[in-house]
Amino acid sequence: MKILIKIIIFFHIICIFGNSNIWANEKIKIGLLVPLTGKDKQVGESIIKSIRLAINKIDNSIIEIIPKDTMSNPETTLRSARELSIEGVKVVIGPVFNKNLIYLNEMENMIFLSLTNKIINDQNNIISAGINSISQFNTLSKFQKINKLKKTIILIPKENYMEEIEKGIKYSKIDNKRVYYYDSEPTVLTKQIEKITKYKIRKRNLDDAVKEMEKSNDPNKERKLENLNKKDTLGNLNFDSIIISDFDESLKSIITSLLYTDVSPENIYFLTLNQWFDQSLLKEKNFQPIYFPSINKNNYDTFVENYHKKFDEYPNQLSFLSYDLVGLVYYLIIQNNFVVDKKMFLKKNMFKGKIGIFEVKNNKINHILNFYKVENEEFKKIF
């Protein structure tokens, strides 16, 4: 028996009754914990601006956003959360960074929708709303099945987010995989990639084949030698796809090392994690095609355009997440008859926001992501 789960398009519903006055005596108080001073000040300012866009979209004066500064500091975050509680706030968007969550479990009467993408298991009043690794690996698994990939290797950097990648692999549906770890230091990295791809063996196979052909009396010797000399290595790879769990310049370093070892996207699927449509990838023709899961690009582009038109600057990615969260909180509070508690996040519904389709489950938001490839200097949607 199929179980049909209703997908709630909350911004569409909000637009239908957004400026109604039937709740005029009720105020929806939504707290906001973001850095407004210090080195991360611009992140917080961008989030506030995106929330202003969301409020304008909803167009209802019953919403009251109460921002507080975290200074990207755990103690300040707790102090600001206490201030929000005194003001009657029970649901909060934020904090932004995982490190600022550590003291919030004492605020048991409040719910925090943190913008972190880290998977949280031990704080019941916190829901991680970022694009977590489980959502990404589930999308990679779908691509894996569609293309019947049976020998996937996953490359994980020895960095501070290594544990999150491991959780994503463990709790997702990704299959038929082998996991390898690598260092970011270039000379060490190259040697590690050589070992993973058996580069020296394949290089030696080619050298041996050339020597043997040079000694042979084969009538087609010259043509065969010419073909061999066009190659860099000889021998099949023992994998059909690579998931590179890295970003920005580190991602490019890994791909460069793979190309050096004669592993190319022409014969192996190059996959990676959410790259937020990094424009610099479009210029890397040798890296293409490369595939990755991500949010709804059309909606993201529209959001960026509207944000830029309004504020004459470009938003950060977290701003888009916070935009959707305002609509989600507003909708759920109304549906729960203005009773704010965690139960309103536990009902078995799928939601469709600007980011895409998602559900709230086990203290995290799980996204059903789209899948894209970079090819011919374009981002192309696969599914």
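The values are calculated or read from the model by the stated rules, or taken from the named source; none is laboratory data. These numbers were taken from a predicted model, which means no experiment stands behind them. Positions of Cβ are backbone-derived with ideal geometry, glycine not excepted, and every protein chain shown enters the neighbour counts.
Just the residues that are of a type in the set (Val, Ile, Thr) and surrounded by fewer than 18 Cβ atoms within 10 Å (Cβ to Cβ), please, taken from segment 149-189.
The answer is Val179, Thr187, Val188.
Only one residue in Tyr331, Tyr291, Tyr307 is out of contact with any His (no Cβ under 7 Å at 6 or more places or on another chain), buried (at least 20 other Cβ atoms within 10 Å of the Cβ) and under 30 Å from Leu259 (Cβ atoms), so which one is that?
None of the others qualify; the one that does is Tyr291.
Of the conditions (1) in the same structural domain as Asp246 (by TED's automatic domain parsing); (2) of a type in the set (Val, Ile, Thr); (3) surrounded by 18 or more Cβ atoms within 10 Å (Cβ to Cβ), Ile146 clears all except one; give me its number.
(3)
Only one of (1) farther than 17 Å from Pro265 by Cβ; (2) surrounded by 17 or more Cβ atoms within 10 Å (Cβ to Cβ) is not met by Gly235, so which one is it?
Of everything listed in (1) farther than 17 Å from Pro265 by Cβ; (2) surrounded by 17 or more Cβ atoms within 10 Å (Cβ to Cβ), Gly235 misses just condition (2).
Give the residue that is surrounded by the fewest Cβ atoms within 10 Å (Cβ to Cβ), with candidates limited to residues of segment 366-376 that are part of a strand (DSSP E or B) and touching a Gly at 6+ places or on another chain (Cβ under 8 Å).
Checking each candidate, the answer is Ile368.
List, please: which pairs have Cβ atoms under 9 Å, are six or more places apart or on different chains, and start with a residue in segment 213-224 that is among the acidic types (Asp, Glu) and end with one that is part of a loop (DSSP other than H, G, I, E, B) and modelled with pLDDT of 95 or more?
Pairs found: none.
Being out of contact with any helix residue (DSSP H, G or I) (no Cβ under 6 Å at 6 or more places or on another chain), in a loop (DSSP other than H, G, I, E, B) and either surrounded by 14 or more Cβ atoms within 10 Å (Cβ to Cβ) or not assigned by TED's automatic domain parsing to the domain that holds Leu33 (or both) is the filter here, so list the residues in segment 60-95 that pass it.
Asn60, Ile62, Met71, Ser72, Asn73, Val89, Lys90, Gly94
Condition check: in contact with a Leu (Cβ under 7 Å, 6 or more places away or on another chain), outside any loop (DSSP other than H, G, I, E, B), farther than 27 Å from Asn121 by Cα and hydrophobic (A, V, I, L, M, F, W, C). Does Val304 satisfy that?
no
Looking only at segment 312-339, count every residue that is polar (S, T, N, Q) and within 24 Å of the chain's Cα centre (by Cα) and tell me the total.
4
Please work out if Ile156 is more than 19 Å from Ile65 (Cβ to Cβ), in contact with a strand residue (DSSP E or B) (Cβ under 6 Å, 6 or more places away or on another chain) and in the same structural domain as Gln192 (by TED's automatic domain parsing).
yes
Which residues, taken from segment 215-249, are part of a loop (DSSP other than H, G, I, E, B) and small (Gly, Ala, Ser)?
Once the filter is applied, which keeps residues that are part of a loop (DSSP other than H, G, I, E, B) and small (Gly, Ala, Ser), segment 215-249 yields Ser216, Gly235, Ser245.
Quick one: how many residues across segment 337-364 are out of contact with any Phe, Trp or Tyr (no Cβ under 9 Å at 6 or more places or on another chain), part of a strand (DSSP E or B) and closer than 17 Å to Ile9 by Cα?
Going through segment 337-364 one residue at a time, the tally reaches 0.
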